[in-house]
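The structure appears right after this line, and notes come after that.
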């Protein structure tokens, strides 16, 4: 089975999700990510850091949906969570190192 998305289809999806103001470079990256997700079942992965305020407790994890993950964490936490950092990476894996 083949699905052929046109630029018009991508524009409609972008407008639906509020991504219609992307630069051309961001647009191409989004299309590549979408193609990988559809064709290769390869979702983008992000390493992210959040902080539990007012404490210096940090959570460092990997996810493919940062907004959803932070919302999920906030639901189960009585303290305010602050997004600190995220970076997209290919083939990210969690490893624990204890010196």
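Here are a few things to note about the model shown:
- Within the range 22-49, residues that are closer than 23 Å to residue 85 by Cα sit with their Cβ atoms under 8 Å from residues that are assigned to a helix (DSSP H, G or I) and modelled with pLDDT of 80 or more, at 6+ positions apart or across chains, in these pairs: 46/66; 48/66; 48/69; 48/70.
- Qualifying residue in the range 19-38 (condition: closer than 27 Å to residue 6 by Cα, in a loop (DSSP other than H, G, I, E, B), in contact with a strand residue (DSSP E or B) (Cβ under 8 Å, 6 or more places away or on another chain) and at pLDDT below 75): no
- Total residues in the range 39-56, condition surrounded by 13 or more Cβ atoms within 10 Å (Cβ to Cβ) and modelled with pLDDT under 75: 2
- Residue that is farthest from the chain's Cα centre (by Cα) [pool: residues in the range 65-84 that are surrounded by fewer than 14 Cβ atoms within 10 Å (Cβ to Cβ), modelled with pLDDT under 85 and within 25 Å of residue 34 (Cα to Cα)]: 67
- Checking each residue in the range 50-64 for being in a loop (DSSP other than H, G, I, E, B) and within 20 Å of the chain's Cα centre (by Cα) picks out only 64.
- When residue 98 is tested against (1) modelled with pLDDT under 85; (2) closer than 27 Å to residue 33 by Cβ, exactly one condition is not met: (2).
The values are calculated or read from the model by the stated rules, or taken from the named source; none is laboratory data. Model, not experiment: these values are computed from the prediction. Please note: Cβ atoms are built from the backbone with ideal geometry, for glycine as well, and neighbour counts cover all protein chains shown.
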